[in-house]
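Read through the structure below, which is laid out as C-alpha cells, and then see the notes.
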Amino acid sequence: MGTTIPQEFRCRMIYSDIDGTLLNSSHHISVDTREKILELDRREIPLIMVSARMPDGVEIIRRELGNHRPIICYSGGLILDEQGQIMYSRQMELELAVEIQDTLKNQYPRICCNTYGGNLWVVENDKNPWVVREERITEGKSVVGDIRELFEKQGGIHKFLLMGEPEDISQAETFLRSQYGKLSILKSNDNYLEIMDSGVDKAEGVQILCRYYGISTEEAAAFGDGENDVGMLKAVKYGFAMGNASDYVKEQATFVTLSNDEQGMLEVIKRIL
C-alpha cells in the first residue's frame, strides 16, 4: 500500500464512489472539484460514478456535476448508459429475496430492511429514522409495501440495504454469510450492509465500461472509501483509498489520498490534468 499520490501517471478514465468519496461529510461536492471534473470531460477523460445508490440517487449527482456518462448503480448490479437505458442488470430472484426478508424480520427486528429494484425503494415503515435519514441524504423517496407484489413484474430485486447499529449489522452479516454465502454481502459503512446477487461487484461494472470505452484498466483510476469499493480499487492500476477509509480499505488500495473533506479526489485529478 502506498501512502503518496504518484507524481505522474497516465490516466484515461476515472471511476468514483459517491458517498464518502466524491461528496464531503455534508453530502456536497466542492466547487473546485466540480470544475476539475468538467475539465476532465472536456479532455475526453470519462468520470464514471459508481455507487450503491439507486439510479435516481446517482442521477441527482450527475446533473449537479454536468456529467453525461454512464452510471453504475447498486454496487455493480445495474449499469445505465448515457440515455438511461439498461446496459447490464443482475438481480436476486424474488422468492429468495422474500425468504431473506422474512428471516431478517424474525431474527433481527431492530434492523431496518430496505429493498431496491430499478428506481423502486420499498420499506415497511417510511417513518423509521433510518429511512428518513437516507431519504434526506439521497433526496429519494421510499414507498411502503409488500416486495412480493411490488417486484412481481421485475421477478427480482437489485439490493437489500440493512441499516442499524454496528453491533446488529455485524451479527446480521455473520449470519447471512453462514446461510447465504454465495450472495454478495458487503458493508458500505459500519451502519449499512448491502445484500445482492452473487457476483455483483463494482469491479464488474469497471470491466464492462472499460470495454465499452475501449480503455484498458491499466489506464484507469478509481476512488473509494468503503468495503464495497475494494473490488473496484483492485480492478484498476491506480486504486485510491480516501483518507477517511478504514485501515482495511487502505491496505487493499495501491494508493491513499486525502479524505473526502480535504478534497482527496481533487488532489489526484490535478496531477492528471
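Here are the numbers:
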| item | result |
| --- | --- |
| Neighbour cut-off at most 16 other Cβ (10 Å), DSSP loop, chymotrypsin sites (Phe, Trp or Tyr not before Pro), segment 1-103 | Phe9 |
| Percent of beta bridges antiparallel (DSSP, segment 6-159, rounded to nearest 5) | 65 percent |
| Amide H within-cut-off set for Tyr15, under 5 Å, with H built and near neighbours excluded | Ile48, Ala221, Ala222, Phe223 |
| Mean Cβ neighbour count within 10 Å, used as a protection proxy, ranking 80-86, 63-69 highest first | 63-69, 80-86 |
| Once the Cα gyration tensor of segment 1-132 is diagonalised, semi-axes √(5λ) in Å | 33, 17, 15 |
| Highest average packing first - 55-62, 209-216, Cβ atoms within 10 Å | 55-62, 209-216 |
| Residue-by-residue Karplus 3J(HN,Hα) for segment 261-273, coefficients 6.51, -1.76, 1.60, Hz, glycine and proline x | 7, 9, 6, x, 5, 4, 4, 7, 4, 4, 6, 6, 7 |
| Relative packing of peptides 225-232, 36-43, 111-118 - highest average C-beta neighbours within 10 Å first | 225-232, 111-118, 36-43 |
| Spatially close lysines, pair count over segment 166-273: Cα under 24 Å, gap of eight or more or interchain | 14 |
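Bear in mind these aren't lab numbers, they're just calculated from the coordinates by the rules spelled out. On a predicted model such as this, the values are computed, not experimentally measured, just so you know. Here Cβ is always computed from backbone atoms with ideal geometry, including for glycine, and neighbour counts include all displayed protein chains.
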